[in-house]
1. Which entries in Lys70/Lys236; Lys127/Lys236; Lys70/Lys127; Lys100/Lys120 show an alpha-carbon gap greater than 32 Å?
2. Sequence gap at least 6, Cα distance under 8 Å: using those rules, report the relative contact order of the chain to the nearest whole percent.
3. Add +1 for every Lys or Arg and -1 for every Asp or Glu among the other residues with Cβ under 13 Å from the Cβ of Tyr62, and state the total.
4. Just to check, using Stokes-Einstein with a Kirkwood Rh over alpha carbon pairs, what's the diffusion coefficient of segment 20-64 at 10 °C and 1.306 mPa s in µm²/s?
5. Please list the equivalent ellipsoid semi-axes of the chain, computed as the square roots of five times the alpha-carbon gyration tensor eigenvalues, in descending order and whole angstrom.
6. Let me understand segment 108-246 better: what is its radius of gyration from the alpha carbons, and its Dmax, in angstrom?
7. Straight distance only, please: which aspartates and glutamates reach the Cα of Lys202 with their own Cα at less than 14 Å, same-chain residues fewer than 8 apart left out?
8. Going by C-beta contacts inside 10 Å, put Val36, Val110 in order with the fewest on the left.
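Just so it is clear, none of the values below were taken in a lab; they were calculated from the coordinates. What you are looking at is a predicted structure, and each value in this text was computed from that prediction instead of being measured. Glycine gets a Cβ as well: all are built from the backbone with ideal geometry, and neighbour counts include every protein chain shown.
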Amino acid sequence: MRTRLDNALLYYAPKDEQGVVYLFSHFARNRFGLRVETVQSNYPDCIAFLNGKRIRIEFEYYSGNFERHKHNPKGCDWIVCWTHDWPEAPSHLRIIELRKEFGLGFNVWVQPVSDENRRKQISKTHKGWWSVPRSASVGDLVLYYRSHPNKFIQDIFCVSVPVERTQAGWKRGRDWMAEIRRVAILKRPLYLNELKENMVLKNSGFIRSRMRTRCKISDDWPELYRMILSRNPGLKVVLRDYGPERLA
C-alpha cells in the first residue's frame, strides 16, 4: 500500500533516493533556510549554505545506507533521508527524516519475550527502558510476543527516545535499548496459531520464523490492525493515530 502525500511535489511517498532528492527540493529553502549551490554525483551529494555556513549533504533513502556505502562521516554535515534507521550515527551528523515532515513516520516491529520474569515485567510496564529492535525509531510501535507457554501478542508499546546500544539490565553485555511507553494491552490477544491460519499473514516472514527474532512487520500491519480492532473494538480511539495510512 503506497502512502499519499498531501501538498507535496510527489503524489506518493518516495521509494528510492531519487525521490528523497526531489522532495527535499521542496523544503530546502522554505523549511530549512538553505541556499543550494551544487547537486552532484560525487560524495557528498549536495553543497548548500545556511546563514553563510557551508553545509555538506548526503541523500539516502535509509540513513543507515550512509554506513553501508562506506562514506566518511568527516566529509558530511547532514544526511537527508526518508527513514532514519541508524541509531549509532555520529553525533555531529544532523539527520533530516523527511517522512516526519508529512506527519508520517512510524514502522511496526515484533519482538519476542522468552524469559518468564521478563514476560511478567512487560505485562506491568507502562513506561520504562527496554530492549527494542536496533533499527526502530522514535514513534515506532513494538508488539511484544510472549513466547511459550502463552504464544500470543498482547502488549503494544511506542518507542519514546532514540535507540542506543548500552548495558543491558536483563543480561550480561550490551543491547539495543530505548525508553518505551505502553500504547495498549489487548484483552483479546493475537495467538500464534490464529496468525498461522490467517490467509494474509501465514506466509509472512515473522510467522515463518515462529516469532523467534526481532522483525519489522510494517507490511503486515494493515491486517494485524484489522484483527486487533475486530477483537478489541474499544481500542479504536487509542490506536487511531497508528492507522495503516500513516505508516512510513
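1. As for pairs spanning more than 32 Å Cα to Cα, those are Lys70/Lys236; Lys70/Lys127; Lys100/Lys120.
2. This gives 15 percent for the chain.
3. Working: positive: Lys15, Arg68, Arg99, Arg134, Lys216; negative: Asp16, Glu17, Glu58, Glu60, Glu67, Asp85, Glu97.
With Lys, Arg at +1 and Asp, Glu at -1, the neighbours total -2.
4. Numbers: Rh = 10.9 Å.
Roughly 146 µm²/s, to the nearest whole number.
5. 36, 21, 15
6. 14.2, 41
7. Here the aspartates and glutamates satisfying the reach criterion relative to Lys202 are Glu194, Asp219, Asp220, Glu223.
8. So the ranking, lowest neighbour count to highest, is Val36, Val110.
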